[in-house]
1. 222 nm [θ] for the chain, helices only, -39500 (n - 2.57) per DSSP H run of 4+, per residue, to 500?
2. Which label belongs to the value computed from this structure, given these candidates for P(r) over Cα pairs in 5 Å bins from 0, in percent: (i) 2, 13, 17, 14, 11, 9, 9, 7, 6, 5, 4, 2, 1, 0, 0; (ii) 3, 16, 28, 28, 17, 7, 2, 0; (iii) 3, 14, 22, 21, 15, 10, 7, 4, 2, 1?
3. Would you list Tyr90, Tyr68 from the most to the least accessible area, probe 1.4 Å?
4. I need the calculated FRET efficiency for the pair Arg47 and Arg10, taking r as the beta carbon distance and R₀ as 25 Å, to the nearest 0.05.
5. Say we join alpha carbon atoms closer than 10 Å with springs in a Gaussian network model of the chain; which of Val52, Val65, Val24 then has the biggest fluctuation?
6. Could you state the angle between the C-alpha long axis of helix 34-45 and the longest principal axis of the C-alpha atoms of the chain, as a value from 0 to 90 degrees rounded to the nearest 10?
7. Output wanted: per-residue J couplings in Hz (rounded whole) for region 81-93, from phi through Karplus 6.51 cos²θ - 1.76 cosθ + 1.60, θ = phi - 60°, x for Gly and Pro.
8. Going from most exposed to least, what order do Ile75, Ile17, Ile45 have by accessible area with a 1.4 Å probe?
Amino acid sequence: MQDKNNVFARKSVLCVIKDSKSAVYFPPSVSDNTEAAKRSFHALIKRGTDFVFSNFPSDFDLWLVGEYDELSGTITPTPAPVHLANGADYANN
């Protein structure tokens, strides 16, 4: 997408993982789009049996919280977090 300065705009998504048991959000991560964010979350859930995400997948949710503009350095939050996935969605895939 081109912006008004005829420069190709580059925007990424900001996502967080929430641990429902501790009721906290992990620091945000940057992905190219929501599908890439879900793929990374899926890989995290499938990481291995000695990993907390794999042992308790339903405790973790992936949320979209904003957009990052790589040209301007600005972050635009979503009006409210958008739920993308629960770890249980990927536990058996």
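The values are calculated or read from the model by the stated rules, or taken from the named source; none is laboratory data. Bear in mind the structure is a predicted one, so any value in this text is a computation, not a measurement. Please note: Cβ atoms are built from the backbone with ideal geometry, for glycine as well, and neighbour counts cover all protein chains shown. Accessible surface areas use protein heavy atoms only, side chains included; no ligands, DNA or RNA. Shrake-Rupley method; radii C 1.70, N 1.55, O 1.52, S 1.80 Å.
1. -4500 deg cm²/dmol
2. Only one listed value fits the structure, namely (iii).
3. Tyr68, Tyr90
4. 0.30
5. Highest fluctuation of the listed residues: Val24.
6. 30 degrees
7. Each residue's phi maps through the Karplus curve to give x, 10, 6, 9, 6, 10, x, 5, 4, 10, 4, 10, 9 Hz.
8. Ranked from most to least accessible, the order is Ile75, Ile17, Ile45.
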